[in-house]
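Have a look at the structure below before the remarks.
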Ligand code: SAH
């Protein structure tokens, strides 16, 4: 075990998901913020556990050619960005590498590389900001939280935001200080203003200002509106009532104080209505590139029924509508569904339908009604797909699944599960929607029954299956890898399933034969059977 407070020398070899440098010292993984791969550094151990430690960079002995002097003066303190200490080449390389490594390690892929749609600019790209408000010496100020704390770091000019957004923040703060509007204090749960939320349409230039308040009334609101009207593009002022304790930013109630309560913006040639709660990608240019990639991977034809799960305000759904026979969007937030329906109308799209509900439950319900989409697009939040959704996808068996993801780790986990149900991964691309920040988006294409049309189509039913059980045993990918390693043989999921069934491992998985009556199932030949059995023994799934 490494010793706390001791200084060690190390070479940075990799990055964590949060963008910290990783070094291995005496067999222990050490996480070091602000370190760059390839650098030789001195590190002071701040926390030591058996297999990992956290350290602080104390000296750079060999500097990476990718190291930069931080351009943002508060970058070291502010928890908003992660990468101002390196050039953008290194940042985009590490993001692509992260996606590749997740898919290879967790989804049994062997991708030599994953391409990335790198961003053309790191400046002014974010179309939304949520500034927490705080005060010192009786004066209000706004900024962003310091990493891991609720201390607000003031930043006069945030590099990744457009200038207008910072101007709104400054104007609101001036108003707050002049009219002695109280500032919310977490500890005592008193004071009014909690957050200043600004959303600006990248194309329309329209600005929505939403003040999150611990109360329902804003003093001197007319004066604030008068001042906001001096900012070009200011369109609407909304008060979000959040009287609850805790970290959730927005409250459940929205009171429009000026304008329509939403703004509009154009994306992929369509107009969208955006309310404060609606999800809308923060990087307009890169979002368009990501969606175009997703749509092209979907390979939609005029006959296709397309299901878009986690559809938000219908951005991807509506962008696909003209190519498809019909599109169906599912989204859990009612306000976003209202926006999506309105967006269909304002773009005169008649072949789109939207449902409000949990993606998994809605998909199961659609499946029960006999709806069989040809293509499904999913774009879930970071936690990825739930068991219901995977089950519904397996049963609906669309020709293609396009998975847009904001977390490569949960994406890889879900890809592994979908592969178990007979899908193959055909393409993967990373997209950088958050330059200078550690997040990365990915789009992948999974397909079934397309690669070799002669191949017998096999359906896996996951009915009654305990999804958590997946974690206990080796995945099909891992079994294939083991077989290949040991014998050089390539085995299909079908063969593995047959051998698992023979040994009674997958009774509960209810593995079915192909639904069509004339389907013939190829039978696992004896040499492959022996190889698979060896792998099952190796993974402790059958007795030795
Ligand atoms: N595809 C859209 C939105 C993606 S963000 C776009 O690119 O604009 C993910 C969306 O999933 C959010 O709108 C969120 O409200 C929604 N969501 C979160 N959990 C959900 C669930 N369980 N079921 C359906 N939608 C959900």
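The values are calculated or read from the model by the stated rules, or taken from the named source; none is laboratory data. What you see is a predicted model, and the numbers here were worked out from it, not measured in a lab. Here the Cβ positions follow ideal geometry from the backbone for every residue, glycine too, while neighbour counts run over all protein chains shown.
Observations on the structure shown:
So that you can scan it fast, the table gives a plain yes or no per residue for (1) surrounded by 22 or more Cβ atoms within 10 Å (Cβ to Cβ); (2) more than 23 Å from residue 286 (Cβ to Cβ); (3) near the ligand (Cβ under 9 Å from one of its atoms):
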site: 339; (1), (2), (3): yes, no, no
site: 346; (1), (2), (3): no, yes, no
site: 350; (1), (2), (3): no, yes, no
site: 367; (1), (2), (3): no, yes, no
site: 370; (1), (2), (3): no, yes, no
site: 383; (1), (2), (3): no, no, yes
site: 395; (1), (2), (3): no, yes, no
site: 401; (1), (2), (3): yes, no, no
site: 406; (1), (2), (3): no, no, yes
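- Residue list for region 138-178, restricted to those being assigned to a strand (DSSP E or B) and over 27 Å from the mean Cα position of the chain (by Cα): 139, 140, 141, 154
- Only residues that are over 18 Å from the mean Cα position of the chain (by Cα) and surrounded by fewer than 20 Cβ atoms within 10 Å (Cβ to Cβ) were counted across region 263-304, and they come to 11.
- Residue match in region 522-544 (condition: at pLDDT 50 or above and touching a strand residue (DSSP E or B) at 6+ places or on another chain (Cβ under 9 Å)): no
- Condition met for residue 457 (outside any loop (DSSP other than H, G, I, E, B) and modelled with pLDDT under 95): no
- Any pair with Cβ under 6 angstrom, 6 or more apart, that starts in region 291-317 at a residue that is assigned by TED's automatic domain parsing to the domain that holds residue 442 and ends at one that is within 12 Å of the ligand (Cβ to nearest atom) and assigned to a loop (DSSP other than H, G, I, E, B): 291/268; 310/379; 310/380; 312/279; 313/278; 317/311
- When 381, 373 are checked against the criterion of being assigned to a loop (DSSP other than H, G, I, E, B) and out of contact with any strand residue (DSSP E or B) (no Cβ under 9 Å at 6 or more places or on another chain), a single residue qualifies: 381.
- Test for residue 246: is it surrounded by fewer than 19 Cβ atoms within 10 Å (Cβ to Cβ), out of contact with any strand residue (DSSP E or B) (no Cβ under 8 Å at 6 or more places or on another chain) and modelled with pLDDT under 95: yes
- Strands (runs of 3 or more DSSP E) (entirely within region 241-333) containing at least 1 residues that are within 10 Å of the ligand (Cβ to nearest atom): 263-267, 270-274, 305-309, 326-331
- Residue within region 402-416 that is assigned by TED's automatic domain parsing to the domain that holds residue 353 and more than 18 Å from the chain's Cα centre (by Cα) present: no
- Lone unmet requirement of (1) part of a strand (DSSP E or B); (2) surrounded by 22 or more Cβ atoms within 10 Å (Cβ to Cβ) for residue 426: (2)
- For the condition more than 12 Å from the ligand (Cβ to nearest atom) and surrounded by fewer than 17 Cβ atoms within 10 Å (Cβ to Cβ), residue 357 does not qualify.
- Of the strands (runs of 3 or more DSSP E) lying entirely inside region 1-104, those containing at least 2 residues that are within 25 Å of the chain's Cα centre (by Cα) are 7-15, 21-25, 28-32.
- Against the test of being closer than 24 Å to residue 205 by Cβ and in a helix (DSSP H, G or I), the options 231, 225 yield a single qualifying residue, 225.
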